[in-house]
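Some notes on the structure that comes next.
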Amino acid sequence: MPNDHLRLHERHRTSRVGQSRAGHERRVAERVTATSGQQPKPRTGCGSQRRDGRARLAVGLTAALVVTLSACTSSTGLDTAALQRSITHQARLAYPTLGITATRCRGTGDRNQALTCTVRGPATTLTVQARPTRHTRIQLEARDAVLPANSAAQFVAAHTSIPALVSCGAPTTVIVKPGTLIPCRVAFSDQTTSTAQVQVLDPDGDVALRTGAFAPAAVTPGGALSWAPVGRTVLGRPLIFTAQSGSVGLAWLDPGLLHPVLVAGTSDPLGSPGPWGGQVPPSVQPALAAAFNSGFKMGDIHGGWVGWGTVWRPPEAGDASLVINTAGQATVGQFGRDVFSGPDTAYIRQNLSLLVDGGVPVPSADNPAVWGASVSGAATWRSALGVDAHGALVYAAGGGLTPAALAQALVAAGVQRGMQLDINPMWISFNTYQSALDGTVQGTKVFGLRGDERYLTPDTRDFIAMLVRGVVQPGATGRIGIAPLHQTIRAPSG
């Protein structure tokens with residue numbers, strides 16, 4: 001049959017080709033052995049597989065081509081060594097101060113699989129992910145954040161209510177994983193301390209400030225007056241608001257961010273208890289927000305004065321009293337009924353009796369003779385201090401005032417209990433203070449006739465200084481990290 005004859009002829013021809021090539025291979029092997037005395041090594045790689053495929057032409061030309069293409073494709077993968085060298089180079093560009101020396105990647109070498117690579121320096125270890133993308137490209141992504149030396153401490157210091165020295169571990173560049181909490185110690189300029197933690201959020205070095213305490217709740221002035229902020233703003237909040245009620249000026253003082261200190265004058269009370277010498281010392285001035293006059297001279301009243309660990313005179317029961325505890329919380333009340341002395345009492349200043357009680361003027365407010373002798377009659381410069389329903393102190397002052405007019409202004413400001421302070425023009429003043437660009441502190445007269453810088457230099461009379469509390473702002477966010485490695489490179493092939 002013609003077809004049978006053709007198939008027989010093809011098998012015979014193929015057999016002869018195979019035998020001829022086999023003979024050629026044997027002759028080449030014999031020549032190599034005769035020349036070197038060694039058996040030739042078996043050929044490997046894509047080229048040898050191609051030749052092996054041709055040697056098996058007996059199974060058909062199509063089968064030989066399939067074997068050849070399959071063998072070439074399976075041997076082609078990612079050149080891991082070249083990739084590691086490329087990552088090392090890119091890391092040196094991104095982080096020139098880390099002294100990057102080498103990279104080691106973990107994975108199968110399959111160009112379709114992401115690799116996790118460890119980049120090393122003399123004292124650093126950084127994780128980089130190498131992720132294949134389209135068109136034989138590899139995306140390099142740093143998985144750790146690199147924070148410059150002292151950046152965490154500087155971030156915390158930028159979010160404190162008053163100047164502070166902050167330490168957050170070793171002052172060196174650090175590499176941290178997202179989620180890490182960096183502990184910090186905060187030493188405020190008012191000698192108080194606190195702690196905080198900087199939480200690293202992502203490889204970009206975005207961070208958030210965590211503290212064990214909550215920021216003092218924001219409260220606002222009350223009463224029937226229109227208030228406006230003056231002076232310093234701390235952590236985004238005004239500290240002081242002022243208002244006018246007739247001829248009386250009033251100042252509302254934030255109870256959460258301010259705390260009062262009773263300061264002895266150089267001559268009143270005698271002996272000047274305390275270390276400040278009748279002024280706010282330069283070391284404390286950066287925390288000073290306001291200061292105002294105290295009460296009558298101690299020689300003109302029977303009330304008490306307590307402060308700085310000294311009981312200059314014990315408090316009198318029934319007297320109007322400003323009482324401040326060791327936590328800086330203050331209130332005004334009648335001693336023995338509203339306020340008392342205890343282990344946590346830091347300061348007590350008494351002056352006459354209450355002028356406002358239960359949110360109304362006391363009956364004796366209409367009798368000027370009860371409220372001290374004046375150089376200009378019943379209507380003179382007068383000042384007072386009260387506490388509102390939020391626990392905030394409210395200062396009041398003005399010229400040509402009777403005790404009743406002063407009491408009515410306190411009530412209009414929402415004061416629940418109030419006491420008269422000093423009277424007569426030369427003693428009354430309320431100043432606010434701000435830090436200038438050069439670091440010096442400057443005062444501004446708000447009420448009274450005395451100068452802007454009063455209480456920054458020694459004063460003969462005692463006074464109340466309102467200091468900003470040392471607070472770290474919880475929840476503050478920012479970015480402090482070095483821009484992370486983020487680069488696309490060509491995939492090296494093996």
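The C-alpha atoms of region 228-468 occupy a region whose extents along the principal axes are 50, 38, 34 Å, arranged from largest to smallest.
Sorted fewest first by neighbouring Cβ atoms within 10 angstrom, Thr331, Thr116, Thr133 come out as Thr133, Thr116, Thr331.
A Förster radius of 41 Å, combined with the Cβ-Cβ distance separating Gln199 from Arg104, puts the computed FRET efficiency at roughly 0.90. The calculated FRET efficiency for Lys297 paired with Gln244, based on their beta-carbon distance and R0 = 30 Å, is about 0.55.
Taking 0.36 nm per residue of sequence separation and removing the Cα-Cα distance, the Ala123/Val219 pair yields an extension gain of 29.6 nm.
Stretching the chain fully between Lys445 and Thr488 yields a gain of 9.3 nm (0.36 nm per residue, less the alpha carbon separation). Between Arg479 and Gln434, the modelled label-to-label distance comes to 3.1 nm, taking each label 7 Å out from Cα in the direction of the beta carbon.
Close amide H partners of Val441, meaning residues 5 or more places away or on another chain with modelled amide H under 5 Å apart, are Ala436.
Of interest is the spacing of the C-alpha centroids, which for region 252-306 and region 307-342 amounts to 14 Å.
No lab work stands behind these numbers, since they all come straight from the coordinates. This one's a predicted model, so the numbers in the text were calculated from it and none came from an experiment. For neighbour counting, all protein chains shown are included, and Cβ atoms are generated from backbone atoms with ideal geometry for every residue, glycine included.
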